[in-house]
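Read-outs throughout are calculated quantities, based only on the coordinates presented, and are distinct from any laboratory measurement. Everything quoted here is computed from the prediction, not taken from an experiment. Because the Cβ atoms are built from the backbone with ideal geometry, glycine has one as well, and the counts that use them run over all protein chains shown.
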Amino acid sequence: MAQYQDDIKAVAGLKENHGSAWNAINPEYAARMRAQNKFKTGLDIAKYTAKIMRADMAAYDADSSKYTQSLGCWHGFIGQQKMISIKKHFNSTERRYLYLSGWMVAALRSEFGPLPDQSMHEKTSVSALIRELYTFLRQADARELGGLFRELDAAQGPAKAAIQAKIDNHVTHVVPIIADIDAGFGNAEATYLLAKQFIEAGACCIQIENQVSDEKQCGHQDGKVTVPHEDFLAKIRAIRYAFLELGVDDGIIVARTDSLGAGLTKQIAVTNTPGDLGDQYNSFLDCEELSADQLGNGDVIIKRDGKLLRPKRLPSNLFQFRAGTGEARCVLDCVTALQNGADLLWIETEKPHIAQIGGMVSEIRKVIPNAKLVYNNSPSFNWTLNFRQQAYDAMKAAGKDVSAYDRAQLMSVEYDQTELAKLADEKIRTFQADASREAGIFHHLITLPTYHTAALSTDNLAKEYFGDQGMLGYVAGVQRKEIRQGIACVKHQNMSGSDIGDDHKEYFSGEAALKAAGKDNTMNQF
């Protein structure tokens, strides 16, 4: 952070120019405040993180072991604590991002209360969460640097140089966020306007899906309805224009296809010539051949290869795709998206199965050799059961005796110490590395981890605290672990910014500052 020393000199020059009116201004204090606020705007963040993500994409193309990861967030504090933990355990934030889940915004952030993942929540709540996440990440920088500055003031001799080196080489908590814009919350213009809010809040990467905006469903629920390719491509272009307008020239677009689990479409695509994109979309429709005199009242028909075909239409006025076409539709979706401005793909699947994902990626890479995926390691999957069943099938195919196992009941605790369970757990452990090597997955995320961890930890605390353990339920189950594991927020006053405020009081008021961190502050017990 040579910039720190440069800022001291720059502010000293300003002070001299302004004469005695600035006598009370300390250039080093001003430089510290600048260092603690490296990113002045959301666009600064978007430009900075886009470069990180582009570099990571190139590194993955060269070496598939260099995949990236993230965990979903629903509050700024959650994202902040993740990055503080990552820095504590790994001394780096390299290849580790945050994911902003539309599902969690709907369930936890809407003024309507808990909602399903159906784009019914306020769309501006998503951009507000991006802004909140980066506010907390920037505060984590300020807090950490503030601590180092206080250590610098107290240090002498060689220790001072070591602390200065930490300041000069400070690693920011600010990392890329992959932000979920659902199906765009309306038409392409609505998508463009919302994308601008995302980017202005700091998002360098926006994920959009090919469902109908007003019929949108969670990717792991039934009833999904896709749109023709041209409709989806218009929204991809809208996002690209938003990035370009705001000067984030290397912004990243993730095109998500829900076609694997979507058996319905609301529209029959426009087609002008046989084999064009609209015709390819319509070729997957479940149709029956008929003659003109067989037409019924209000029937919709299409013509293909000289034949009249009637697509099957449901009472909901939706049209049905042929069963078994999901993978082929996914491949077409992905190729088309990459050919028209998307950077990364997301294929929403019904189970975590490397062979299934890899088979589709292999087809996509016949056209786009460097195609890369973002993959949802979803809590909607029963990972234990899925991988135990995969292990069962593999053992059976290898001629091993599986008579001791009931394939339908493999979730049972009675199997936890068996060969099959250990094989399954090892496959779960290596799933991300294996899938990145064999199925083109650049980024692994878990959409809803902290939704589940919050519920689990609260259940454990409630059981103990309101039961026989009383206060020991909190002390043994929470605080003692925080202290022994070095969890930073055990000093919750510090985490909330109390020490930063004390520093500022000293900057502003000198010896007259009334500080909170005196000898009577109980935080000193930690």
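Scan region 360-376 for residues that are under 25 Å from Val225 (Cβ atoms) and not hydrophobic (A, V, I, L, M, F, W, C) and report the count.
3
With a cut-off of at least 3 residues that are touching a helix residue (DSSP H, G or I) at 6+ places or on another chain (Cβ under 7 Å) and touching a residue at least 24 places away in the same chain (Cβ under 8 Å), name the strands (runs of 3 or more DSSP E) lying wholly within region 188-295.
205-209, 252-257
Out of the residues in region 488-519 that are part of a helix (DSSP H, G or I), in contact with a helix residue (DSSP H, G or I) (Cβ under 7 Å, 6 or more places away or on another chain) and in contact (Cβ under 8 Å) with a residue 60 or more places away in the chain, state the one that is farthest from Asp153 (Cα to Cα).
Result: Cys489.
Quick check on region 436-452. Is at least one of its residues assigned to a helix (DSSP H, G or I), free of Cβ contacts under 8 Å to residues at least 24 places away in the same chain and either touching a Phe, Trp or Tyr at 6+ places or on another chain (Cβ under 9 Å) or not charged (D, E, K, R) (or both)?
No, there is no match, as no residue in region 436-452 is assigned to a helix (DSSP H, G or I), free of Cβ contacts under 8 Å to residues at least 24 places away in the same chain and either touching a Phe, Trp or Tyr at 6+ places or on another chain (Cβ under 9 Å) or not charged (D, E, K, R) (or both).
Are any residues in region 320-342 among the charged types (D, E, K, R) and crowded, with 21+ Cβ neighbours inside 10 Å, and if so, which ones?
Arg329, Asp333
Among what's in region 119-136 and is hydrophobic (A, V, I, L, M, F, W, C), touching a residue at least 60 places away in the same chain (Cβ under 8 Å) and touching a Leu at 6+ places or on another chain (Cβ under 9 Å), pick the residue that is farthest from Gly184 (Cα to Cα).
Leu133
Could you check, for region 149-164, whether at least one of its residues is in a helix (DSSP H, G or I), in contact (Cβ under 8 Å) with a residue 40 or more places away in the chain and either in contact with a Lys or Arg (Cβ under 8 Å, 6 or more places away or on another chain) or over 20 Å from Gly72 (Cα atoms) (or both)?
yes
With (1) on the phi < 0 side of the Ramachandran plot; (2) loosely packed, with under 12 Cβ neighbours inside 10 Å as the list, and Gly399 as the residue in question, which single condition is left unmet?
(1)
Take the residues in region 27-75 that are of a type in the set (A, V, I, L, M, F, W, C) and assigned to a strand (DSSP E or B); name whichever of them is nearest to Val126 (Cα to Cα).
My answer is Cys73.
I'm checking my understanding of the structure. Among residues of region 402-419 that are in a loop (DSSP other than H, G, I, E, B) and aliphatic (A, V, I, L, M), which one is nearest to Tyr392 (Cα to Cα)?
Taking the candidates together, the pick is Val402.
For residues in region 100-118 being touching a residue at least 24 places away in the same chain (Cβ under 8 Å) and assigned to a loop (DSSP other than H, G, I, E, B), which is nearest to Gln69 (Cα to Cα)?
Selected residue: Ser101.
Working only within region 53-76, note down all residues that are surrounded by fewer than 19 Cβ atoms within 10 Å (Cβ to Cβ) and under 15 Å from the mean Cα position of the chain (by Cα).
Gln69, His75
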